[in-house]
1. Project the alpha carbons of region 45-147 onto their principal axes and report the range along each, largest first, in whole Å.
2. Starting from the Cα-Cα distance between residue 4 and residue 149, subtract it from 0.36 nm times their residue separation and give me the gain in nm to one decimal.
3. Principal axis extents for region 1-46, Cα atoms only, whole Å, descending order, please.
4. From the list (1) 130; (2) 119; (3) 154, can you say which value of volume of the Cα convex hull per residue in Å³ was derived from the structure given?
5. Once the Cα atoms of helix 23-32 and of the chain are each reduced to a long axis, what angle between those two axes, in degrees from 0 to 90 to the nearest 10, is obtained?
6. Apply the Debye scattering formula to region 69-210, with a single equal point scatterer on each alpha-carbon and no solvent, then give log10 I(q)/I(0) at q = 0.11, 0.19 Å⁻¹.
7. Relative to the longest principal axis of the chain, what angle (0 to 90°, nearest 10) does the C-alpha long axis of helix 39-50 take?
8. What percent do you get for the relative contact order of region 3-284 when only Cα pairs under 8 Å and 6+ apart count?
């Protein structure tokens, strides 16, 4: 196994986390903004969609973290130090979100208890993807510097305007995925509620995405140049086309197509990020070759992943099959 293949596996796992765990975060965001006479019905529909498998979806981000510290320990140290604040905030958000979801469902059946933990669940669902999006954008800015140790401090990269808009785009994308999925999980009039919210989220994704792209020219010049040249421009164009297809499908009430297009848009955004990083784990000082990969580790990793996959893949397939095998409309 090569370092480049591991890099690709990390990207694949991040894509799976976005499409599954990201949609779960989006469900929590819509829980926060549930309004109207049927607000409790909206929350019940979200909880029903999330409850069976949401914890299992975190396996993909765990997989990325394990690969990172196993194969690229130097880069893991740099990322863990430089982005300590947003990553710690995201981790706290994940823990609070899970705890609050369970406490609200199985704790005291009083309005104060349920509303309090419901607010914790919803706010954590909003802040966590914002922190993760800003942290990933921070890797692209070139502001994080490594010279045997992090020399740029705790605030470099992720506090730029580019990273801030990237975080907001991540929030909007998670909200879009959740609403698009829920259009297939619900009946009218709830379906119409989630369709309207999916349309609003898609518009927000476009605004924040274009804003982040414009700011990248100044805040992440190398990243911007790579993204807007050659294959990067093709990926960017296809991602924008997927966004347009999502809008069209939602407007025409083609809910299954809207879900597919929204998923393609999310994967396109992630693919564009990976391409624009140009083989860098942290721009500009830590390419794959300096990430700390060792030949002995790479040689052992392939058989270990195959053995683990033989055990894990059927279990995950059965889990998703049992709990998400609803009739699609």
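Values quoted throughout were computed directly from the atomic coordinates according to the rules given, and no laboratory measurement underlies them. Keep in mind the model is a prediction, meaning the values are calculated, not measured.
1. Ordered largest first, region 45-147 gives principal extents of 55, 23, 19 Å.
2. 49.8 nm
3. Its Cα atoms span 55, 14, 7 Å along the three principal axes.
4. Of the labelled values, this structure produces (1).
5. The helix 23-32 is inclined about 50 degrees to the chain.
6. -0.54, -1.11
7. It is inclined by approximately 50 degrees.
8. With pairs under 8 Å counted, the relative contact order is 21 percent.
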